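Quick one: this structure, given as structure tokens, is what I'll be asking you about.
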Amino acid sequence: MGKIFDSFLGKSTPVVEGDYMELNLEDYEGMDEPPALLVKIATISDIKDSPKIKDEIYNGNIVIVDISRLKMDKVMYERVLKDLKEVTKDVNGDIIGLGDQRYVVLTPQGVRISRDKIGGAG
């Protein structure tokens, strides 16, 4: 242990072959576990697209939804956003609009979206 601290402090100690252990990275390949959650991208242009997005939230994934096609129909826009807000409320998730309301980010239970911006002006 002292050798480690000496190397941090700039004291040089001769390296002995037994000080390091060779790792075979092939031993760790293929041990990938499925991710706890995925970030999915979706485009929604009608209320009919909503169930697929809702399923992803119920499955515990984060979904970034392009809602720009809905902007042309205010009634459909309001219906879809209400539907998406309800699903995030149902799973105790979160929802936020981004990019002049072109995108909506929906999160599942246990994931919150910070409203504090990092860097940049304003």
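The values are calculated or read from the model by the stated rules, or taken from the named source; none is laboratory data. Being a predicted model, the structure only gives us computed values, none of them experimental. Cβ coordinates were reconstructed from backbone atoms using ideal geometry, including for glycine residues, and neighbour counts include every protein chain displayed.
Hey, among the residues in segment 43-89 that are more than 14 Å from the chain's Cα centre (by Cα) and part of a strand (DSSP E or B), which one's nearest to V105 (Cα to Cα)?
D66
Right, next: Please specify each residue of segment 111-121 satisfying the condition of being in contact (Cβ under 8 Å) with a residue 12 or more places away in the chain and either out of contact with any strand residue (DSSP E or B) (no Cβ under 6 Å at 6 or more places or on another chain) or more than 22 Å from L70 (Cβ to Cβ) (or both).
Kept after step one, since they are in contact (Cβ under 8 Å) with a residue 12 or more places away in the chain, are these residues of segment 111-121: 111-113, 115.
Matches in segment 111-121: V111, R112, R115.
Also, quick follow-up: Out of curiosity, is N61 among the polar types (S, T, N, Q) and at pLDDT 95 or above?
Values: among the polar types (S, T, N, Q): yes; at pLDDT 95 or above: yes.
Yes: the conditions hold for N61.
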